[in-house]
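To start, the structure under review is shown below, and the notes come after it.
Read the figures in this text as sums done on the coordinates, not as results from a lab. These figures come from a predicted structure and were not determined experimentally. Here the Cβ is made from the backbone with ideal geometry for all residues, glycine too, and neighbour counts use every protein chain on show.
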């Protein structure tokens, strides 16, 4: 496992996204670099974004990771948020298996860039 780098301006975006940063670290970084630290009502919502490589599928890895992630969110007073497209039936089944209930359906748009 790669050691977590120091959060600084030289950090590339790919490396930045590979690690979890505490809110305090991000706020300090923003303040030290003249960036806004304003938050909104969603700052306690944490998206669930777990992907399992195909060769590790059908072994319970996704449900174990998701369950541990949700448990940790609850311990930290955070609100886990599940979002997926209707065609992703595997994701929907996984969400339902851990007790996630659909509260809203909204359109999803794809754009070619």
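Rounded to a whole number of µm²/s, how large is the Stokes-Einstein D of the stretch 7-113 at 25 °C and 0.890 mPa s, given Rh as the Kirkwood radius over C-alpha pairs? Please list the in-between numbers first.
Values: Rh = 16.6 Å.
It diffuses with D of about 148 µm²/s by this estimate.
State, as an integer percentage, the relative contact order of the chain based on alpha-carbon contacts under 8 Å between residues 6 or more apart. Provide the component values of the computation, followed by the final result.
Values: 53 pairs, mean separation 22.1, N = 113.
It rounds to 20 percent for the chain.
Label the stretch 45-97 by shape, choosing from rounded, prolate and oblate, from the square roots a ≥ b ≥ c of the eigenvalues of the Cα gyration tensor; if a/c is under 1.5 it is rounded, and otherwise prolate applies when a/b is larger than b/c, oblate when it is not.
oblate
Please determine, in degrees from 0 to 90 and to the nearest 10, the orientation of helix 23-32 with respect to the longest principal axis defined by the Cα atoms of the chain, where the helix direction is its Cα long axis.
Its long axis makes an angle of about 30 degrees.
Using just the helices of the chain, give the 222 nm mean residue ellipticity in deg cm²/dmol: DSSP H runs with n ≥ 4 each add -39,500 (n - 2.57), and the total is spread over all residues, rounded to 500. Intermediate results must be reported in sequence, preceding the final value.
Details: 4 runs with 39 residues, N = 113.
Theoretical 222 nm ellipticity from helices: -10000 deg cm²/dmol.
Within the stretch 1-39, what residues put their amide N at less than 16 Å from the label point 7 Å along the Cα-to-Cβ vector of residue 111?
What the label zone holds, given the 16 Å backbone N cut-off, is no residue at all.
Roughly how far apart, in whole Å, are the Cα centres of the stretch 1-24 and the stretch 55-113?
Centre-to-centre (Cα) distance: 24 Å.
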